[in-house]
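Nothing in this text is a laboratory measurement; each read-out follows from the coordinates by a stated rule. Worth saying up front: this structure is predicted, and the values here are computed from it rather than measured. Note that each Cβ is placed from the backbone with ideal geometry, even for glycine, and that neighbours are counted across all protein chains shown.
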Amino acid sequence: MLTDAPCTNTVRAGGVVFLLDVDNTLLDNDRFGADLGEHIEQAFGATERARYWKIFADRREQLGWADYLGSLQLFRTGLDDDPRLLRMSEFMLEYPFSGLVFPQALAAIAHLSTFGTPIVLSDGDVVFQPRKIQRAGIWGAVAGRVLIYIHKEKVLDHMQHRYPAAHYVMVDDKPNLLAAMKAILGARLTTVFVRQGHYAHDVQSHTELPPPDRVIEAIGDLVKFNPTDFQVSL
């Protein structure tokens, strides 16, 4: 069962809050996408698989985030009498996301909690994204401290109200989001770019300004970090 995030006073005064992205940061969302595409093709064929991803891409362009369930709702057009369509909900909502958690991701969360407060800060919907986080074991690892917004970089005031801190560290696989957040929080934010997922080889990853403060190859690398590596003094 999911529980509400703790009250903001769980962050000690003058402390550091670690803001952790989920998709391709803590878990391999690219692999989920590949599995979903394969499942759709097995059930409906290659043409329908392509149609689903076209719907998905259009909605991502429109919304700015990955809407798997909304895309499935639109995908049903022309398939309303196909009983296989109803099994898609089971595939998505019961998918074993714990198997997609990157090596040492949960150990990294535990390590960060020894000198700060780790929370999840993710984009997404209010059904599939929390379900994914819960089934992956991430919800429990951060003790229910989960924030999900439409565009997280645009609501940093909400995040700061919920979890006030002297310093923040954002860990994400998207350099454009890190740059946008750094432009707002300035020296109060240390940005960490995790070079994982399909953004790792994006040309923009190497040209986005301001550049990330830290670059790591895998989320598990964080277990080697101490507070000073994040520009934090305790």
Next on the checklist: Could you tell me the ratio Rg/Rh of the range 94-204? Both radii from Cα atoms, Rh via Kirkwood.
Outcome noted: 0.94
Item to check | Average silhouette area of the range 30-97, convex hull of alpha-carbon atoms, in square nanometres | outcome: 4.4 nm²
Checklist outcome for this item: Taking Cα pairs closer than 8 Å and at least 6 residues apart, the relative contact order of the chain in percent is 29 percent
Checklist entry - Along the charge dipole of the chain, Cβ charges K/R +1 and D/E -1, which of 167, 218, 103 sits furthest on the positive end? => result 167
Checklist entry - Which helices, taking whole DSSP H runs in the chain, have alpha carbons extending 24 angstrom or more along the helix axis plus mean Kyte-Doolittle at least 1.6? => result none
Checklist entry - Excluding same-chain residues fewer than 8 positions from residue 132, which lysines have a Cα within less than 18 Å of its Cα? => result 152
Next on the checklist: I'd like the GluC sites (Glu not before Pro) in the range 21-122 restricted to DSSP loop residues with at most 11 other Cβ atoms within 10 Å, sorted by number.
Outcome noted: 94
Checklist outcome for this item: proj_area_mean for the chain (convex hull on C-alpha atoms), units nm², value 12.8 nm²
Next on the checklist: What's the magnitude of the charge dipole for the chain around its Cα centre, counting Lys and Arg as +1 and Asp and Glu as -1 at the beta-carbon? Answer in Debye, nearest 20.
Outcome noted: 600 debye
Checklist entry - To the nearest µm²/s, what D does Stokes-Einstein give for the range 81-136 at 25 °C and 0.890 mPa s, using the Kirkwood radius over alpha carbon pairs as Rh? => result 182 µm²/s
Checklist entry - Going by how many other beta carbons lie within 10 Å of each one, how would you line up 113, 122, 71, 89, fewest first? => result 89, 113, 71, 122
Next on the checklist: So for each of 22-28, 51-57, 171-177 I average, over its residues, the number of other beta carbons within 10 Å; can you give me the resulting order with the highest mean first?
Outcome noted: 22-28, 171-177, 51-57
